[in-house]
1. Kindly indicate the residue of segment B:345-365 that is touching a residue at least 60 places away in the same chain (Cβ under 8 Å) and in contact with a Gly (Cβ under 7 Å, 6 or more places away or on another chain) and also farthest from D:ASP377 (Cα to Cα) among those meeting that condition.
2. So is A:ILE144 in contact with a Gly (Cβ under 7 Å, 6 or more places away or on another chain) and closer than 30 Å to A:ASP332 by Cβ or not?
3. Quick check on C:GLY61: is it open to solvent by less than 10 Å² (accessible area, probe 1.4 Å), under 17 Å from the mean Cα position of the chain (by Cα), within 14 Å of chain D (Cβ to nearest Cβ) and modelled with pLDDT of 95 or more?
4. Yes or no: segment A:1-19 includes at least one residue that is farther than 26 Å from A:ALA324 by Cβ and among the aliphatic types (A, V, I, L, M).
5. Between a first residue in segment D:1-23 that is modelled with pLDDT of 90 or more and a second residue that is part of a helix (DSSP H, G or I) and small (Gly, Ala, Ser), which pairs have beta carbons less than 6 Å apart while being 6 or more apart in sequence or on different chains?
6. Any residue in segment B:39-52 that is more than 16 Å from the chain's Cα centre (by Cα) and not in a helix (DSSP H, G or I)?
7. From the list C:GLN259, C:GLN310, pick out the single residue that is open to solvent by 50 Å² or more (accessible area, probe 1.4 Å), within 23 Å of the chain's Cα centre (by Cα) and not small (Gly, Ala, Ser).
4 protein chains.
Amino acid sequence: MRFKPSYAPGPTDVRENVCLASAKKTNNPDFDQEFIHYYHQVCQKMGQVMGTANEVLLLAGEGILALEAACASLTEPGDRVLVLDNGIYGKGFQDFVKMYGGEPVVLSFDYHKDIPVEAVSDYLEKDHDFKYATFVHCDTPTSIINDVSQLSPLLKEYGILTVVDSVAGMVGEPIDVDQNQIDICCGGTQKAISAPTGLAIVSISEDAKKAMNDRKTPIASYYANLQTFNGYMEKGTLPYTMPAGMIEALDVALDNILQEGLLAVYRRHANIANAVRTSVQEYGLTLFLESGYSNTVTAIIIPEEIGALQLQQYIQETYNLYLATSLAQYEDVLLRIGHMGENAFYEKVLSVLTVIDNGLRDLGFKAKGNLGQLFLDAYKAENEEQ
Amino acid sequence: MRFKPSYAPGPTDVRENVCLASAKKTNNPDFDQEFIHYYHQVCQKMGQVMGTANEVLLLAGEGILALEAACASLTEPGDRVLVLDNGIYGKGFQDFVKMYGGEPVVLSFDYHKDIPVEAVSDYLEKDHDFKYATFVHCDTPTSIINDVSQLSPLLKEYGILTVVDSVAGMVGEPIDVDQNQIDICCGGTQKAISAPTGLAIVSISEDAKKAMNDRKTPIASYYANLQTFNGYMEKGTLPYTMPAGMIEALDVALDNILQEGLLAVYRRHANIANAVRTSVQEYGLTLFLESGYSNTVTAIIIPEEIGALQLQQYIQETYNLYLATSLAQYEDVLLRIGHMGENAFYEKVLSVLTVIDNGLRDLGFKAKGNLGQLFLDAYKAENEEQ
Amino acid sequence: MRFKPSYAPGPTDVRENVCLASAKKTNNPDFDQEFIHYYHQVCQKMGQVMGTANEVLLLAGEGILALEAACASLTEPGDRVLVLDNGIYGKGFQDFVKMYGGEPVVLSFDYHKDIPVEAVSDYLEKDHDFKYATFVHCDTPTSIINDVSQLSPLLKEYGILTVVDSVAGMVGEPIDVDQNQIDICCGGTQKAISAPTGLAIVSISEDAKKAMNDRKTPIASYYANLQTFNGYMEKGTLPYTMPAGMIEALDVALDNILQEGLLAVYRRHANIANAVRTSVQEYGLTLFLESGYSNTVTAIIIPEEIGALQLQQYIQETYNLYLATSLAQYEDVLLRIGHMGENAFYEKVLSVLTVIDNGLRDLGFKAKGNLGQLFLDAYKAENEEQ
Amino acid sequence: MRFKPSYAPGPTDVRENVCLASAKKTNNPDFDQEFIHYYHQVCQKMGQVMGTANEVLLLAGEGILALEAACASLTEPGDRVLVLDNGIYGKGFQDFVKMYGGEPVVLSFDYHKDIPVEAVSDYLEKDHDFKYATFVHCDTPTSIINDVSQLSPLLKEYGILTVVDSVAGMVGEPIDVDQNQIDICCGGTQKAISAPTGLAIVSISEDAKKAMNDRKTPIASYYANLQTFNGYMEKGTLPYTMPAGMIEALDVALDNILQEGLLAVYRRHANIANAVRTSVQEYGLTLFLESGYSNTVTAIIIPEEIGALQLQQYIQETYNLYLATSLAQYEDVLLRIGHMGENAFYEKVLSVLTVIDNGLRDLGFKAKGNLGQLFLDAYKAENEEQ
């Protein structure tokens, strides 16, 4: 296969030292106590990046396994669960709740804005009898970011546990699990962490552990059961053979992040994202959102006469660059530029925007300037301000 | 971590070209149609190695996910399932059956022998009202191999679907899925295939697909639901982001196998295993089994006064070699030598046996000769016979 | 070290499959006959790319070793050697000639143009008593390409052997060793071949071999003596331990080239180079050359008030991009853009030119347009013409 | 090519982290100042391992380039050079001396013993008018080690510079360049350092530098001229493009050595070598040497009726293991086992000796025991003594 650069919102580029780490020989992950300790250390390093002293687990699977495992482990038949919905993935949480016998209550909001905290607060005053609530930190199909620093503490005031999908948020945006009192925070390796796809990440608070321990029914899964890891350090064994190469790769990817510094990484994402949003609008395009702009991905409305799918296809064929449109009702409406992790460097985004500019003009768009140059100008301005 | 060679029954050594393949940059696995086709090709190549034209799926997870997915996808509440039990993993299938609402009927046999086909036949004459049956091809804790070529066809005669756990069997032993009429055959990448841990393998017969389609209740899982892959080629999208590097690594590992030739690979395993069994007995040790000796792993009884755990620990500390004992009641009784996949080469096994010989003698064992030499003599005799 | 993309005229980017090949375990290169054969095959594949059935040798060293080895092996004390000089490297050949006792006769031409064939022809009519002549295919300090298809045959008519330095030419430009009757053609791996630095390449004609065999004095070097390889296939041994990983890497790099197709590779270089030259001039800059424009590198005159060194430094510090100025008298005058091998892809050159554009404007240059866009427009026009 | 394990005296196994380092992308080695500094650091780290504060250079070439460069840079026409000869490589130094116009005086000794220091001392009393002297630290064809700690200081007393070939010695044996007053110490990466083949190593004392500066004639080579590196740090440029990946690989290999600790590495080599020598003799074979046993390689006399070449060939074909015989008059007499660098681990040597044992017995040798076992017993005894 010819290599096709991709700026979809994940998987992102994997830095060379991370790739090479995944090729290393590894010790026996089943019984070797040194490996068990190593696994634990990488979990803790992951926790450091997520801002939590809670237990962190790395599951052998794609990010969605983290969401299913959170819901499977918490939900008992009949449990009421509050599903905050202002995006396609946010709404999707209800399926996991139902699958494990829970009763989802979906609270829906405008998809063009981040979740309005006041509205949630008003709702909770009237109805707050929920075992837990779910919401998405960064809902990629529309590129929205929700304010986890207000939502989780608010829910916690009512004794409601929170399950937050930060798969496409963490590392690109602050998640600060402990400060924000998130009970189960879910992540994946292939987004802003920029490690290979294949590990799902969960942090589990003491309250969440208590809820699992207090269950009256067994968890209806083995692979999605977070309790199978209970006491793995003491027992000296993990619930299944761990993909040791993936753990090594994640370890190096986390080192890359910590070496750059979390604040510097957030700043880099913010500068890139701000410059993308500024330049795209100056260029004559419209953003999908009215508020809650994510720093990891930007969704742009493509004029109807061109269409997002045609633009995507054209750019792929003409410029060998892979971009994503969106899902469901937005499939032919939105073009999304992923600018997270290793893809959030100005020289890469510059190429991408120059190609989009040319693609749009080739297809008849009347542009107000050169998109790459507008981006570079905006990016320099961003950096100068600091 | 210092590298510790391991001859546990998996994970096995990964050949260098497979390691390096896992470090390659990959195209976007979510939407890129070329990747979807590539995934499909690797699935078909996996099918070729398993001897099946059935659909084969590669799931992002450890081998046990294949077992859970098979049971989750087939079992409806109340379904009767026949669990053939002559080993620890064989018996364990009942947990998955129960978890998804089925009623396991456990038919237990002597753990020192492979499943007696006649006894199963006699039983089925009386009771054969089962949706499906489960058994393990190679039950590693006791190193037994069961005769899939007789068991699956027999069950099929009664219209009973078969779910076979061949995680530790396939590639080391013939599995011949189509010839043996296996409905769902489960595998993992880290055993005799000698690819990195991280992909679960299932082949699904048309009868198994029909059983899933005919379900009256939804499958109570997403991650363990085999139907989420339905029509992925037509839809051009897979149910979650695939670990593309793992697929590339598996592809190369399968090429290695096909290049050596499946028959040559089986012959290599058989010669090594025969020589191990012969030499271990000449040396003065006793095999656990009376029949059904696997060619991928050998379980040896360690004299009580030494103990398997002490021997394992001593060898690890003294010779930096990692060996496995067994599980549960056999934990301090059996030492297991994994000789599958890339570990099934005489020069590796020779080192391992020489170390075991020295370890045993250091701990007071009265040996009848030099184990490494006995092995090499037996191995040469094996090869000369052909 | 932080990675700094470099578009100097070499070393170029190394494709991932080439990098990974260099990490492979290798067999004993000293005595293993299979390795000797493998070395020979890669030499022949190199010959295929160079268009020759002559013997090709890969020496363990940087490209300059090829030049020294050619001169060391041909030159005897007192030999007259014609040194064609229209560039810094061309002139430099005289040093090797002198070092090994020869008498260089330097024929110098305008550095802004390729070597004028007629002038050489006129000169030869009067004086042609030379053992061999030297010239450079692509003289990178000024980015000139000389017409090997006319020069070598002309010299050959007079019985003069030719030593051609095509280190920075071959693969980016046709070299066609046999058709052009080049006696010793020199190359290196790190330029348009895009393999790691570390192998020097020479092809040796029968006439050149005869000249070596007819020497009256021994060759005054071992490491730069091409005769040490004589009969290595028959003897089954090479003159020193070969860097086997480098041979493997080169092998894969040559496969990449042959898979793309030599003509396609030349076309890609030509299109990129034409578009660079067109756009740079439209943008308001001046090329150094008046004729003989190389397709592998372009030398641009930087306005005095900015200066090439300041621009280079500024771009490196501001945009983390490494560009080369030139050597000697041109050091502060010329900026050179290397666009050869893996660096000759439009998306890379686009980034580079956009950065140069911004760097120049930051330093006060009055540009006539956006350089990246001018390049992309010119590049598209190039491609449409075909 | 099928991988063939090799226990010739080099190239040795390269540890995985070193292999992977050689696959890394590298910055521009020509002008990037950060790379120049990095090169310098690795040179200094190499010096640390060699025990010297002298300048150390890494040349792009095989180890023999270091020898030629030392002789080329020191020798002026007519210079008298003392060549100490007690082995094939030791004697070979005279060729380099002659090639660059020097007059070698060869002082030959018994090839079965290390150079007798008293005899050299006696000779020097009578004749010591030499610009420099050459000798080999470890002369691999006969596996001899010479006592550099006495020879170099002795020669230095007479004002004679020393050029020592420690290609196959350093890291496996103490070299201590400064303590032993070695003027030019030569090495290669592929022996006990266990990095990929491709870099030649030289350390240069101030006295050696002075000798080069005081030359009246120019050095008759560019590639083998150590003065081309003069002032590279100040000039910010190296004499040719460095193979940056090789430098990175060497860097990691040196880290491996320093992490284990030089004394531990020497101890490991000594223990392995002692155990090899003890067991080989107990087994009934004879060592070639009477004194001066190297810890990096052992030469064993193979009974005439078997012959070293037949044994080598048989083992290669039957057991896929590559061993070296010797050179010239010893080609069919000696089998050599390389046990240096990454090959000096007991589990590897154990396999090798077991195979040799079987090979010999297959060919009719009457052995006194099991060679692998004898080795392991001797090795344990070695370790216990400490």
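1. Here the residue is B:LEU353.
2. yes
3. Against the criterion (open to solvent by less than 10 Å² (accessible area, probe 1.4 Å), under 17 Å from the mean Cα position of the chain (by Cα), within 14 Å of chain D (Cβ to nearest Cβ) and modelled with pLDDT of 95 or more), C:GLY61 qualifies.
4. No, because not a single residue in segment A:1-19 is farther than 26 Å from A:ALA324 by Cβ and among the aliphatic types (A, V, I, L, M).
5. D:THR12/D:GLY341; D:VAL18/D:ALA249; D:VAL18/D:ALA253; D:ALA21/D:ALA249; D:SER22/D:GLY245; D:SER22/D:ALA249
6. So far as segment B:39-52 goes, yes, one or more of its residues are more than 16 Å from the chain's Cα centre (by Cα) and not in a helix (DSSP H, G or I).
7. After applying the criteria, what remains is C:GLN259.
Residue-by-condition table, conditions (1) out of contact with any Lys or Arg (no Cβ under 7 Å at 6 or more places or on another chain); (2) open to solvent by less than 10 Å² (accessible area, probe 1.4 Å):
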position	(1), (2)
B:ALA23	yes, yes
B:PHE31	yes, no
B:GLY47	yes, yes
B:LEU67	yes, no
B:ALA70	yes, yes
B:ASP79	no, no
B:ASP95	yes, no
B:HIS112	yes, no
B:ALA119	yes, no
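The values are calculated or read from the model by the stated rules, or taken from the named source; none is laboratory data. Here the structure is a predicted model, which is why all the values come from computation and not from measurement. Cβ sites come from the backbone with ideal geometry, for glycine too, and all protein chains shown count toward neighbours. With ligands, DNA and RNA removed, areas are computed over all heavy atoms of the protein, side chains included. Shrake-Rupley method; radii C 1.70, N 1.55, O 1.52, S 1.80 Å.
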